[in-house]
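Working notes for the structure below.
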Amino acid sequence: VIDIRKLYGQTGAFTYDPGFTSTAACESAITYIDGDQGILLHRGYPIDQLAEHSTFMEVAYLLLNGELPTADEHQKFVYTISRHTMLHEQLATFYRGFRRDAHPMAIMCGVVGALSAFYHDSTDITDPKQRMIASHRLIAKMPTIAAMAYKYSIGQPFMYPQNDLSYTGNFLRMTFGVPAENYEVNPVVEQAMRRIFILHADHEQNASTSTVRLAGSSGANPFACIAAGIACLWGPAHGGANEAALNMLREIGRPERIPEFIGRAKDKDDPFRLMGFGHRVYKNFDPRAKVMKATAEAVLNELGVTDPIFDVARELEQIALKDDYFVEKKLYPNVDFYSGVILSAIGFPTSMFTALFALARTVGWVAQWNEMISDPEQKIGRPRQLYTGSAQRDYVPVDQR
Ligand code: ACO
């Protein structure tokens, strides 16, 4: 048995906490979650109030700067963001290098990482002004990048940003508009997208945000750090869950099949999990899921979509909430359970769902990255390990092995 403390010259406490279930890696004043009560606050403001009354730009300003903007500050912020929505023309060639059926998240990892080659001036991260410009660029360009990934996959020409539209309206037009036609933004759809973006804007030290912080702690270029966050978000246990949840609802198909899938989720020999259910922190209703459910209802009514999977989702929620397994383990619908229903009704293919999540979460990522870099206590992130390998031994020449 190796005494790992001796091995590493470790003195004092050494904790082993896989998955960081009870270890804080930083201090943060951005987002507060009370998982038992189902409370989520951004800079003190409840998420349901922000989703109801705020704009996405206002929430972005709030997360980045700590306070809601005045009317003047809001106007200036919107103007600044709209001035950065364009991508360098040369970036279009990056898209052409991808297979046209590439997953949008693969494209976004590549293109966002490539932005680091275009903005050398953001590499002086010790300068708060340069950090803010990099943050504005990322927030502004993400809708353009995501929309271009979609256009590329369906073989349509890229749409340039139209900056007199709202952040969400502009994104919808770049995604669903075509150059030959006038695209009218549906206000109910725009409202739904605004809510979805606000609900996804930040969620304290989740896996992708922690990835951005860890990458950024070495002083790496911010665009490269956000690309790392996108890679982490892609996984089905994190941002990929909305895609997985919708695929699962489609597979279930009709309410009569729900018990079969509930049975599978409870079976420990079956790796199947109810996607869109459960959360590391929420052991109560995810407050974002409530807003999502109401938004799904509004969007389906407005668009006249009668999607049977919405009935499956509602029924599944009811059955699971009464089932002992889900009650005991405190598994409730999370933000991803209903978001896929809404995005699908609007016309997004499932492969775009996580890309939209990345677009919205960019705001939280840059806010958290800025907070970390400006923290005087900030150190390079360097987790320790519990070594379980061989004790020291001598090298054996190959003919003696
Ligand atoms: N279906 C069935 N059982 C579940 C589910 C589920 N969705 N989620 C958790 N459980 C069970 C686990 O099997 C485990 O049971 P055990 O104690 O008998 O072993 C127990 O509940 C605790 O689960 P853990 O995996 O230990 O909890 P953890 O906090 O690590 O996982 C996670 C949280 C990853 C979100 C998990 O609930 C899950 O996989 N859910 C489905 C994927 C999903 O919806 N992810 C989106 C999260 S929200 C977001 O990223 C925006």
If you go through Ala227, Ala215, the only one that is surrounded by 20 or more Cβ atoms within 10 Å (Cβ to Cβ), free of Cβ contacts under 8 Å to residues at least 24 places away in the same chain and more than 9 Å from the ligand (Cβ to nearest atom) is Ala215
Within the range 230-240, considering residues that are within 11 Å of the ligand (Cβ to nearest atom) and part of a helix (DSSP H, G or I), the one surrounded by the fewest Cβ atoms within 10 Å (Cβ to Cβ): Cys232
Hey, any hits in the range 328-345 for a residue that's polar (S, T, N, Q), within 16 Å of the ligand (Cβ to nearest atom) and over 21 Å from Asp48 (Cα atoms)? no
Among (1) under 30 Å from Arg382 (Cβ atoms); (2) among the small types (Gly, Ala, Ser); (3) touching a Pro at 6+ places or on another chain (Cβ under 7 Å), Ala244 falls short only on (1)
Evaluate the range 316-337: report whether one residue or more is farther than 23 Å from Phe56 by Cα, buried (at least 17 other Cβ atoms within 10 Å of the Cβ), without any contact (Cβ under 8 Å) to a residue 40 or more places away in the chain and of a type outside the set (Gly, Ala, Ser). yes
Output the residues belonging to the range 272-292 that are touching a strand residue (DSSP E or B) at 6+ places or on another chain (Cβ under 8 Å), assigned to a loop (DSSP other than H, G, I, E, B), within 9 Å of the ligand (Cβ to nearest atom) and among the aromatic types (Phe, Trp, Tyr). Tyr282
Restricted to the range 295-327, and to residues that are of a type in the set (Gly, Ala, Ser) and within 26 Å of Gly169 (Cβ to Cβ), which residue is farthest from the ligand (Cβ to nearest atom)? Gly304
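Quick grid of which residues meet (1) touching a residue at least 24 places away in the same chain (Cβ under 8 Å); (2) out of contact with any Lys or Arg (no Cβ under 9 Å at 6 or more places or on another chain); (3) under 23 Å from Asn65 (Cβ atoms):
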position: Arg99; (1), (2), (3): no, yes, no
position: Ile107; (1), (2), (3): yes, yes, no
position: Gly113; (1), (2), (3): yes, yes, no
position: Ser116; (1), (2), (3): yes, yes, no
position: Tyr119; (1), (2), (3): yes, no, yes
position: Ile125; (1), (2), (3): yes, no, yes
position: Gln130; (1), (2), (3): no, yes, yes
position: Arg137; (1), (2), (3): yes, yes, yes
Picking from Thr93, Thr80, which residue would you name as being in a helix (DSSP H, G or I), within 24 Å of Pro143 (Cα to Cα) and either at pLDDT below 95 or over 25 Å from the mean Cα position of the chain (by Cα) (or both)? Thr93
Residues located in the range 241-271, provided they are near the ligand (Cβ under 8 Å from one of its atoms) and more than 17 Å from the chain's Cα centre (by Cα): Ala265, Lys266, Lys268
Residues of the range 164-212 being part of a helix (DSSP H, G or I), small (Gly, Ala, Ser) and in contact (Cβ under 8 Å) with a residue 24 or more places away in the chain, which ones? Ala192, Ala207, Ser208, Ser210
Phe357 vs. criteria of a type in the set (Phe, Trp, Tyr), within 21 Å of Ile230 (Cβ to Cβ) and within 10 Å of the ligand (Cβ to nearest atom): yes
Scan (1) more than 30 Å from Glu377 (Cα to Cα); (2) under 17 Å from the mean Cα position of the chain (by Cα); (3) not aliphatic (A, V, I, L, M) for the single condition Thr211 breaks and write down its number. (1)
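The values are calculated or read from the model by the stated rules, or taken from the named source; none is laboratory data. For clarity, every value in this text was computed on a predicted model and none was experimentally measured. Note that each Cβ is placed from the backbone with ideal geometry, even for glycine, and that neighbours are counted across all protein chains shown.
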